[in-house]
Amino acid sequence: MNLDEALHTFVVEARELLQNMEESLLDIERGMADDDAINAIFRAAHTIKGSAGLFGLDFVVEFTHIAENVLDMVRSGELKMDGAMTALMLQVCDHLNLLVECVAREALPEAADASSGKALTDCLMQYLGSYKAAAMPVESEARVESLGGGVESGCWHISLRFGKDVLRYGMDPLSFIRYLGKMGRIVSIHILTDGVPRLSEIDPESCYLGFEISFESDADKAAIEGVFEFVREDCRIGILPPHSKIGEYLALIRELPEDEMRLGDILVECGTLTAGELEEALKIQNAGEPRPIGEVLVEQSMVQAPVVEAALEKQKQVRESRNSENSLIRVDSAKLDQLINLVGELIIVGSSASLIAQKAAMGELLEVTSTMSRMVEEVRDTALSLRMVQIGATFNRFQRVVRDVSRELGKDIRLVISGAETELDKTVVEKIGDPLTHLVRNSMDHGIESAPVREARGKPAQGTLKLNAYHDSGSIVIEVSDDGGGLNREKILKKAVEKGLVQPDAELSDKEIYQLIFEAGFSTADAVSNLSGRGVGMDVVRRNIQDLRGTIELESREGMGTTTKIRLPLTLSIIDGFLVGVGTSSYVIPLDMVVECIELDAAERESGDNGYINLRGEVLPFVRLRELFEVEGMASIRQNVVVVQYAGQRAGFVVDTLEGELQTVIKPLGRVFGGVRGIGGFTILGSGEVALILDVQRLVQQATDRELGNNALPEIASERKR
């Protein structure tokens, strides 16, 4: 076994478990959870403790063991999961995250972290100590409620259902039972054969047996559980201590496998009856006693009525089929990246083959290459879908952020999430987290007012923060909205004039003024707080979004709220493109943004510098790619306009030729060309030539600004010269 690889798997799975644990705790705090959520929290802590024990991570095991004991008491109803308990468990979750990060760094917790862990341990021990003190007077009652008769006094009851594939994983079920015998004495063992199929259907590599064991030992439950750590994920294991209560046996009955089983088998497997008692009861029934066996057992005082009722209820549950298990495989993202790269190379080679087939004018070869292109496209879509993830997981992480920040600020703020099922590339999801965090914290700090201010303005005391995602024109739009005070236009403009960002007599639109907060060091916050003021660090947010080939814009109404829109590409690797030609140069436009293609008539072609045409009664600004990129040579007699749309705005690109659709592998520009605006990357055509991929969002914005009087396009040309 590669221990480094196994340890990495532990870290990844622990992070996921802690994320689920935190979400369940937040649901409980909001009153949106049930007993299943508490059980899920307990299982997460128990799994982390068990896995950490395999690697000898004592500092994780010791802390988690105490938290697990408290959660076990909550699960059994001995403690209540109130607000204080939920807040404590959230702190426990945070500390476990910290310990897991120490494992990832292969380091021990620092002194400050150990101190905070000690403080949390003391708080947990107070719950354990107070319960033990309160439970002492009723110890005799607990013994009265404990099951007798069918359970041998002082024995543990162990219920084992090994997974079907345990043998394939190199594990021998009998070896675990033999090892169990070294810790104590196996008083009795009952082998369950209900799962064994007909002889002709038996797979010699599959395990079909279950075991019910009566075990006598001085070991504690943790030590007994430790025997089965290596097979815990693939088995169903139930352990009941000596003198267990009726409720615990009832729970075990309900958790038995979902097969229809005889009442006697269930009772024996649970340890409620001995084999002799069951045999005697069956004799009475076979002798002609008309009453149900459950009533006979109760009359003979062999078992208490609640246990029988639970067993009878279980017996009535006939399952038509077992629920199919989800077969999920964890794949390293680096391998997916390699797959996407290989698919990209396959697309380029396929384009070359199609080009050769066209030149050769061979019908059979053209048919084969056409089929291959279609299959390559399906492979591409499948490969890209492997990297697509729902953004809901990212949105849900902000439940905790909103909870903590609102308490820190003394505000009542609720988070509303919509569009959580929207999918986008995993790389984009990973890189969008930090910008979203900054925007969310800013909206809460300086967007949403305090309760007294909101009530004075006629608003509800509780503020609302919304996260929304949706698809639009081949892009994904993420919105961060609040119902706060909005942006103060005059205040922003005044600050910009003070900093020399704009001239005092400049006439700017609201949109242009709001964009000023993305300038480095710009802030309108009156006071410095632990959270950033709206605008502080926003230049970093914009830069991070632009690195993802995205854009960010603001919409605000003073006194009503602010909405920040982030527009991102769905994927950063492979897209469907539309190839156009200008002279000897080729350019690719993302196909999702192409609306239509029209011919530029002679009158419009001779209009020269107007920069717009009349498109069915609407003004359409356009960009001449020949002039923008200074393509040499004479323009063709026939010119075309490719109409594109981005973020609700339309513009046209004037080109010489329309080459048609193609699959495009986006390759990033090098550092030397990183500052060139209007170009989003390049691709290699089937002929081996390089085609530039147009940055449609930037060019549309520039064309629109020029229509409004801001001559921004020459800036692109000057950058290209540099």
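Coordinate-derived values only; no laboratory data. Just so you know, these numbers come straight off a predicted model, no measurement behind them. Positions of Cβ are generated from backbone atoms using ideal geometry, with glycine treated the same way; all protein chains shown enter the neighbour counts.
Just grab the label-to-label distance for ALA361 and ARG43, each label 7 Å out from Cα along the Cβ direction, in nm (one decimal).
So the label points at ALA361 and ARG43 sit 6.8 nm apart.
When the Karplus curve 6.51 cos²θ - 1.76 cosθ + 1.60 is applied with θ = phi - 60°, which whole-Hz ³J(HN,Hα) does each residue of segment 614-629 get, with x for Gly and Pro?
8, 10, 6, x, 10, 7, 10, x, 9, 10, 8, 4, 4, 6, 4, 9
Give, as a single signed number, the net charge of other residues whose beta carbon lies under 14 Å from the beta carbon of GLY56, with Lys and Arg counted +1 and Asp and Glu -1.
Overall, the nearby charge balance is -3.
Give me a comma-separated list of calculated 3J(HN,Hα) values for segment 648-659, in order, Karplus coefficients 6.51, -1.76, 1.60 applied at θ = phi - 60°, integers in Hz, x for any Gly or Pro.
Result, rounded to whole Hz: x, 10, 10, 7, x, 10, 8, 10, 8, 10, 10, 8.
What are the GluC sites (Glu not before Pro) within segment 637-689 that DSSP puts in a loop, where the Cβ has at most 15 other Cβ atoms within 10 Å?
Taking segment 637-689 and a limit of 15 other Cβ atoms within 10 Å, the loop GluC sites (Glu not before Pro) found are GLU689.
Treat each spin label as a single point 7 Å out from the Cα along the C-beta direction, and report the SER206 to LYS118 distance in nm.
For the pair SER206/LYS118, the computed spacing is 5.5 nm.
In the structure displayed, which of LYS118/LYS431; LYS491/LYS565; LYS411/LYS499; LYS335/LYS565; LYS411/LYS495 lie more than 30 Å apart, Cα to Cα?
LYS118/LYS431; LYS411/LYS499; LYS335/LYS565
Filter the GluC sites (Glu not before Pro) in segment 34-86 down to the DSSP loop ones having no more than 15 other Cβ atoms within 10 Å, then list what survives.
Qualifying residues, ordered by number: GLU78.
Where does each of MET444, MET81, MET183 land when they are ranked from fewest to most other beta-carbon atoms within 10 angstrom?
Ranking MET444, MET81, MET183 by Cβ neighbours within 10 Å, fewest first, gives MET183, MET81, MET444.
In terms of modelled amide H atoms, which long-range or inter-chain residues lie less than 5 Å from the amide H of PHE228?
Long-range HN contacts for PHE228: none found.
Residue separation times 0.36 nm, minus the C-alpha to C-alpha distance between LEU336 and SER509: what's the value?
Stretched fully, the LEU336-SER509 segment lengthens by 57.8 nm.
Need one word for segment 3-143: rounded, prolate or oblate. Basis is the Cα gyration tensor (sqrt eigenvalues a ≥ b ≥ c); a/c below 1.5 gives rounded, then a/b vs b/c decides.
prolate
Below 8 Å between Cα atoms, with a sequence gap of 6+, how large is the relative contact order for segment 3-143 in percent?
About 26 percent, as a whole number.
Which cross-chain or sequence-distant (5 or more) residues have an amide H under 5 Å from the amide H of LEU192, H modelled 1.01 Å from N in plane?
Under 5 Å from the amide H of LEU192 lie the amide H atoms of GLY210, PHE211, GLU212, each far enough along the sequence or on another chain.
Note the full-extension length gain between ALA451 and THR9 as 0.36 nm times their separation in residues minus their Cα-Cα distance, in nm to one decimal.
The ALA451-THR9 span can extend by a further 154.6 nm.
With r as the distance between the Cβ atoms of ARG30 and LEU658 and R0 = 45 Å, compute the FRET efficiency 1/(1 + (r/R0)^6) and round to 0.05.
The computed FRET efficiency comes out at 0.25.
ALA602 to GLU229: extension gain in nm, 0.36 nm per residue of separation minus the Cα-Cα distance?
Net length gain for the segment: 126.3 nm.
Taking Cα pairs under 8 Å and at least six residues apart, what relative contact order does segment 412-479 come out at, in percent?
So the answer I get is 49 percent.
Quick one: 3J(HN,Hα) in Hz for segment 411-422, Karplus 6.51/-1.76/1.60 with θ = phi - 60°, rounded, Gly and Pro as x.
10, 9, 10, 10, 9, 10, 10, 9, x, 5, 7, 5
Using a cut-off of 9 Å between beta-carbons, work out the net charge of the residues near ASP695 (Lys and Arg +1, Asp and Glu -1, ASP695 not included).
Result for the neighbourhood of ASP695: +3.
Taking the inverse of the average 1/r across all pairs of different Cα atoms in segment 391-569, what Kirkwood radius in Å do you get?
One decimal place: 16.8 Å for the Kirkwood radius.
Going by amide H atoms built from the backbone, whose H comes under 5 Å of the H on ILE476, apart from near neighbours?
Those qualifying (amide H under 5 Å, at least 5 residues apart or on another chain) are LEU568, LEU570.
Would you mind ranking LEU386, LEU7 so that the residue whose beta carbon has the fewest other beta carbons within 10 Å leads the list?
The most exposed by this proxy come first: LEU386, LEU7.
Grab the other residues whose beta carbon is less than 13 angstrom from that of GLN338, score K and R as +1, D and E as -1, and report the net.
-1
Say R0 is 22 Å: what FRET efficiency, to the nearest 0.05, do ARG397 and ALA104 get from their beta-carbon distance?
0.75
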